1. Among the candidates Ala187, Ala166, single out the residue that is among the small types (Gly, Ala, Ser) and either surrounded by fewer than 22 Cβ atoms within 10 Å (Cβ to Cβ) or touching a Pro at 6+ places or on another chain (Cβ under 8 Å) (or both).
2. Here are the criteria: (1) modelled with pLDDT under 80; (2) crowded, with 24+ Cβ neighbours inside 10 Å; (3) within 26 Å of Glu182 (Cα to Cα). Tell me which single one Thr287 does not satisfy.
3. Kindly list, by first and then second residue, each pair from a residue in the stretch 111-134 that is acidic (Asp, Glu) to a residue that is at pLDDT 90 or above and assigned to a loop (DSSP other than H, G, I, E, B), limited to pairs with Cβ atoms under 9 Å and residues at least 6 apart or on different chains.
4. Tell me which of these Gly174 doesn't satisfy, since it passes every other one: (1) crowded, with 18+ Cβ neighbours inside 10 Å; (2) small (Gly, Ala, Ser); (3) part of a helix (DSSP H, G or I).
5. Mind listing whichever residues of the stretch 182-199 are in contact (Cβ under 8 Å) with a residue 40 or more places away in the chain and part of a helix (DSSP H, G or I)?
6. So Gly148 clears everything in (1) of a type in the set (Gly, Ala, Ser); (2) surrounded by fewer than 15 Cβ atoms within 10 Å (Cβ to Cβ); (3) without any contact (Cβ under 8 Å) to a residue 40 or more places away in the chain except one condition, right? Which one?
7. So how many residues does the stretch 211-243 have that are under 23 Å from Arg36 (Cβ atoms) and not in a loop (DSSP other than H, G, I, E, B)?
8. Scan the stretch 154-174 and report the pairs whose first residue is under 14 Å from Leu251 (Cα atoms) and whose second residue is β-branched (Val, Ile, Thr) and crowded, with 17+ Cβ neighbours inside 10 Å, with Cβ atoms within less than 6 Å and a gap of 6+ or a chain change.
Amino acid sequence: MAEILTAIFNTSNLSATVRMATPIALAAMGGSFSERSGVINLGLEGMILSGAFAGVLGSYISGNPWLGVLLAVAAGGMMGLILAFFAVGLKADHVVSGVGLNIFALGLTTWLMQVIWKSRGTSEAVAGLKEVSLPLIRDVPVLGAILGTNSPLVYLMLILVFLGWAVLFRTPWGLRIRVVGEHPEAADTLGIKVHRIQYACVVLSGCLAGLGGAYLSLGQLNWFSMNMSAGRGYMALAANIFGQWNPLGGLLASFLFSFTDALQMRIQAAGIAWPNEVIQMLPYLLTVAVLAGAVIRSRPPAALGRHYEPGRNT
């Protein structure tokens, strides 16, 4: 028991929680924008994966990891545009479109990795983002150990989450998004371009998820590996629902999931006599349990998953 408590309550574990929450929180915020506009986004997994690949490719070609980050955001946005085209433009089933996008992203990145690096496992190492240290925070006890030194994308994530909350709940554009997701007929009556809002929100969700992917491949590591997202997109989906389609709620839920993930790594490193398979399952079991409870208790946007045509309720 003492070993377990030591593994849980330490600053290293909390610092790892913040780092590991970054891609999940970014994708969860993207899910908030997409689903607040009425479009179910199961394609977050593929968007993260595409961003991770594009980030490494951009750094590989240019030698500049920040250009890789920009390419990752663009790749995620392109995946968002594809999802919006099918789910909004062609009125395909949102869930099927999202799952199809995930399969497409996995196949495309695996194939391109073989073409470019002649490998199905990992890419070549590239220039990654260097950690930065915040002078005003690093010397503060406890807080400095957790937030004092990190990848710049960790700090960018924290800024974007609060900015995303402000945009969604404190601006006229955010109000339009929420009206579209709750009652598109009323939004259309007010002159709001429903499909334009939905396209913009789904593309934005892809950009944010792509940025999360760039953190995986350029912030944590400096290479790409097959299926690098490893279920983080689905965790982001669960975090978004558990957080009530609110970027701040999604951030807190992301901390919960990443804390469990960091904990299972600490338990393994501590040599506690539990089967490794059971330990590795902890974050995914928590995701399933939270998602099941959140779906029962949550109230999603009223028009989530519906297809809207001007002048007709479908």
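The values are calculated or read from the model by the stated rules, or taken from the named source; none is laboratory data. If you're wondering where the values come from, they're calculated on a predicted model, not measured in any experiment. Positions of Cβ are backbone-derived with ideal geometry, glycine not excepted, and every protein chain shown enters the neighbour counts.
1. The conditions single out Ala166.
2. (3)
3. From the stretch 111-134, the pairs are Glu124/Trp223; Glu131/Ser151.
4. That leaves (1) as the condition not met.
5. Glu182, Pro184, Glu185, Asp188, Val194, His195, Ile197, Gln198, Tyr199
6. Among (1) of a type in the set (Gly, Ala, Ser); (2) surrounded by fewer than 15 Cβ atoms within 10 Å (Cβ to Cβ); (3) without any contact (Cβ under 8 Å) to a residue 40 or more places away in the chain, Gly148 violates only (2).
7. Final tally of qualifying residues: 14.
8. Filtered contacts from the stretch 154-174: Val154/Thr22; Met157/Thr22.
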